[in-house]
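*Asks:* Below is a structure I'd like to ask you about.
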Amino acid sequence: MGKSTVQLASPPTQILPETFSKYNGKVPANKKGHIHTQLPKVSYSIVHVIRGRVRFRVPRLRHDANYTQRLQALLEADPLITSVRIKPAAASLVVTYQSSQILESEIRSHLIYMIVAASDSTIVLTVANKSSTSQASTETENSWPGLQLSTIATSLAVLGGPLGLPIPPLIVAGTIALATLPVFQRAFVGITTQRKLTIDFLDLMAIAITTVQGHFLTPSLMLSLIEVGENIRDRTARSSKLQTLDLLSSLGQFVWVERNGEKQQIAIQEVLRGDTVIVYPGEQVPVDGTILRGKALLDEQKLTGESMPVLKRKGQAVFASTLVREGRIYIQAEWIGNDTRAGQSIKLMQEAPVHDTRMENYATKIAERAVVPTLLLGGAVFAATRNPIRAASVLTLDFATGIRVSVPTTVLAALTYAARHGILIRSGRALEQLAAVDTIVFDKTGTLTRGEVTVVDVESLNPAVSTMRVLELAAAAEQRLTHPVAEAIIRYAEAKQVTIPDREKWEYQLGLGVQAKIDGETVYVGSDRFLRQQGIEMTEQNGHLKQSGSMIYVASNGQLLGRIKYSDILRQESREVITQLLTVEGVEVHMLTGDNKQTAKAVAEDLGISPANTHAEAFPEQKAVVVRRLHEQGKTVAFVGDGINDSPALAYADVSVSFANGSEIARETADVVLMQNDLYGLLEALAIARKAQQLIRQNTGIVAIPNLGALIIAVFFGLNPLAATVVNNGSTVVAGVNGLRPILKHSPHKTLPAAR
């Protein structure tokens, strides 16, 4: 990834390392890790330090994507920093830096300052991906300059023809011949490989005949339009040079292992089966294995789809790509690399069929079917008249040129319009398939749901205590803890504008709960099991405590006060989007989930999805099977998912959709990426694709009707090749301009939501 350019609209101070003089290499901070400068306070803590590498915990990373983006750009712009790794789910920031150029204490102070400086919303970020730029320039340098040559040939033909300048015909003809080479190569491949006469062969014949006859303007104009169409068509094709998807590339570069009683850091590729691997908070598990000692709270959502972290102890299995939120574990490595469960999901995805990403549309196929009849007609005209010019006019009046320009132009305009509205559609083929979709399969967790814990209800179980007091005590006890439920309670309390009391002494027990001193009370917040261990009687004042759903309990001074219900709730837009897909778009909707049947049924019923189209307890390979089965039934299937566990199904779908904040592998697999991270983008993508399909049909008529009329004139009465070129190219230009309509209109579809 290229370095980022950082600008401060109203910079509080210069933040690059050469200007430490502002604070003499130090940043004033209190014991709790809060900065006392003119910048807003940002809570942080240093988790682990070795020379040249430091790990921070920054809670704000979990809930502020803009802050995370600014911080990453600031760090990547610093010449002393060699790598930056941020895990928002674990509030983890790992920075490696050149430790030989400056004192360790100074660089750490400088890093702390940048953690705080990133809270300044006036920072403007510009990220330049150098590798992508160099790749694009390399591809441009290696490509045959057909467009440039055809433009030169047209200029020479105009200067030597209508303008009458003394340009030798041999120079013009030679330039046309050079510009024709790409057309010749495609025609040759069509004959030798595809065993058929393609549009390129028809173009080649028309160009050759008119060039030999000395009508240089006709072939040069044809070549210019052909090359414009080909260049646009290539731009609508998804690059085949994407980075190879590999599990190791999505994990950290280095891991800690214990060998011969000593801890050492090694490259992830050097881990061997049987090694003892150490995983700290904020790190991804790099192997499949068994916990030898320690315990940790593991976030397995990207692998299993389960939104709630799981507490695991000695003897339990852990899997690569899962994230340690809290705790530290020592793992015996049993499976490594692509032999892990996550690696097998990627392997299954890589075995999926690879499609040509260029648009394969019905218009091109119709044009190709007209190649042989056009050749026969041209031959018949020549046999009857012995006039090669009339035959060339017939060959010039084909449907191919207009289609080859208007279709890619329409596709490119649609892709551009989509990108401007936060929808990345990677190729023309993806656009075409999206327009034809009649079945959409959704993964549940993180796609139809938010994929994060959310408080849904606070209930008092003691008549003397209000629900607000229950929430106050819970938020006070849970503040600055990194457990997802704790974070959900804090967010809920802030949304309710609750004043959170100060917390005095506190003790957190991993996987159970927290004990804290608040307003002189001893408060317990945690699971049913935790409170029972503290001697709390888990019954309501009026009898037995009934439980339903996921709960966390609050007690004070030995008495149960209340409980807080939490869940992974549906996205705000999920019901509306599903309803519109079923009723307005006429699409068949399915839901896949790793949850049990009862949970899956309840969610499907809430969304209006048929029980027959609800697939529960689905592992990654089973998701791919469901998609393939639907495809085999003749359906055009779109799959929407965001995790590693979704990547096989994404790969087997006719068109795959993911979110910008999904896993790296899901994003790379997907044909369509919703950059706004909401499902409204899916409705808009469908509308854009279907509008583009309508325009392609219109453009086919715009090209076909005038060419057909001129063809009749050329056969029965004769038509000058230049006039034929004007008709052919004129209809092409009109169709091309019509194809630009997606970027000239404000909205692609009247049924889209007005605002999001």
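The values are calculated or read from the model by the stated rules, or taken from the named source; none is laboratory data. This structure is a prediction, so every number in the text was calculated from the model and none was measured. FYI the Cβ positions are ideal-geometry reconstructions off the backbone, even for glycines, and counts take in every protein chain you see.
*Asks:* Being farther than 30 Å from I403 by Cβ, modelled with pLDDT of 85 or more and in contact with a Leu (Cβ under 8 Å, 6 or more places away or on another chain) is true for just one of I191, I171. Which residue is that? It would help to see each step written out before you state the result.
*Replies:* Numbers: I191 fails: farther than 30 Å from I403 by Cβ.
The unique qualifying residue is I171.
*Asks:* Counting just the residues of region 588-631 that are more than 18 Å from V437 (Cα to Cα) and of a type in the set (V, I, T), which one comes out farthest from the chain's Cα centre (by Cα)?
*Replies:* The extreme case among them is T599.
*Asks:* Still on this structure: Of everything in region 582-625, what is in a loop (DSSP other than H, G, I, E, B) and exposed (fewer than 15 other Cβ atoms within 10 Å of the Cβ)? Give them in sequence order.
*Replies:* Passing the criteria: V584, G586, N596, G608, S610, E617.
*Asks:* Then there is this: Which residues, counting only those in region 205-240, are part of a helix (DSSP H, G or I), modelled with pLDDT under 75 and surrounded by fewer than 19 Cβ atoms within 10 Å (Cβ to Cβ)? Step through it out loud before you land on a result.
*Replies:* Initial filter on region 205-240 (part of a helix (DSSP H, G or I)): 205-212, 217-235.
Filter once more, keeping what is modelled with pLDDT under 75: 229-235.
Across region 205-240, the qualifying residues are N231, D234, R235.
*Asks:* Within the set of pairs 6 or more residues apart or between chains, which connect a residue that is part of a helix (DSSP H, G or I) inside region 626-654 to a residue that is aromatic (F, W, Y) and at pLDDT 85 or above with Cβ atoms less than 6 Å apart?
*Replies:* Between residues of region 626-654 that are part of a helix (DSSP H, G or I) and residues that are aromatic (F, W, Y) and at pLDDT 85 or above, the close pairs are V627/F639; A649/F639; L650/F639.
*Asks:* Would you pick out the residues in region 60-75 that are closer than 18 Å to I490 by Cα and under 20 Å from the mean Cα position of the chain (by Cα)? Steps first, answer last, please.
*Replies:* Residues of region 60-75 closer than 18 Å to I490 by Cα: 60-65.
Answer for region 60-75, where residues must be closer than 18 Å to I490 by Cα and under 20 Å from the mean Cα position of the chain (by Cα): L61, R62, H63, D64, A65.
*Asks:* Right, something else. All but one of (1) within 30 Å of T396 (Cα to Cα); (2) surrounded by fewer than 24 Cβ atoms within 10 Å (Cβ to Cβ) hold for D678, so report the exception by its number.
*Replies:* Going through the list (1) within 30 Å of T396 (Cα to Cα); (2) surrounded by fewer than 24 Cβ atoms within 10 Å (Cβ to Cβ), D678 breaks only (1).
*Asks:* Exactly one of these conditions fails for V405: (1) over 27 Å from V577 (Cβ atoms); (2) of a type in the set (V, I, T); (3) part of a strand (DSSP E or B). Give me its number.
*Replies:* (3)
*Asks:* Scanning for something surrounded by 14 or more Cβ atoms within 10 Å (Cβ to Cβ) and at pLDDT 50 or above, does region 6-13 turn up at least one residue?
*Replies:* Among the residues of region 6-13, not one is surrounded by 14 or more Cβ atoms within 10 Å (Cβ to Cβ) and at pLDDT 50 or above, which makes the answer no.
*Asks:* Next question, about the same structure. Give me the pairs, please: first residue somewhere in region 261-285 and not assigned by TED's automatic domain parsing to the domain that holds V58 and of a type in the set (D, E), second residue anywhere and assigned to a loop (DSSP other than H, G, I, E, B) and at pLDDT below 85, beta-carbon distance under 7 Å, and either six or more positions apart or on two chains.
*Replies:* Filtered contacts from region 261-285: E283/G252.
*Asks:* Output yes when any residue across region 539-560 is part of a loop (DSSP other than H, G, I, E, B) and acidic (D, E), and no when none is.
*Replies:* Pass one, region 539-560, residues part of a loop (DSSP other than H, G, I, E, B): 541-542, 545-549, 557-558.
Subset that is acidic (D, E): none.
Checking region 539-560: not a single residue is part of a loop (DSSP other than H, G, I, E, B) and acidic (D, E).
*Asks:* Go through region 483-522 and report how many residues are surrounded by fewer than 20 Cβ atoms within 10 Å (Cβ to Cβ), touching a residue at least 60 places away in the same chain (Cβ under 8 Å) and of a type in the set (D, E, K, R).
*Replies:* So the answer is 1.
*Asks:* Next question, about the same structure. Let me spell it out: the conditions are (1) touching a Gly at 6+ places or on another chain (Cβ under 7 Å); (2) part of a helix (DSSP H, G or I), and G709 meets all of them except one. Which number is the exception?
*Replies:* Failing condition for G709: (1).
*Asks:* Out of region 418-441, which residues are farther than 18 Å from R697 by Cβ and either in the same structural domain as L375 (by TED's automatic domain parsing) or not in a loop (DSSP other than H, G, I, E, B) (or both)?
*Replies:* Result: A418, A419, R420, I423, L424, I425, A430, T439, I440, V441.
*Asks:* Given the conditions (1) loosely packed, with under 14 Cβ neighbours inside 10 Å; (2) modelled with pLDDT of 85 or more; (3) in contact with a helix residue (DSSP H, G or I) (Cβ under 8 Å, 6 or more places away or on another chain), which single one is not true for A317?
*Replies:* (3)
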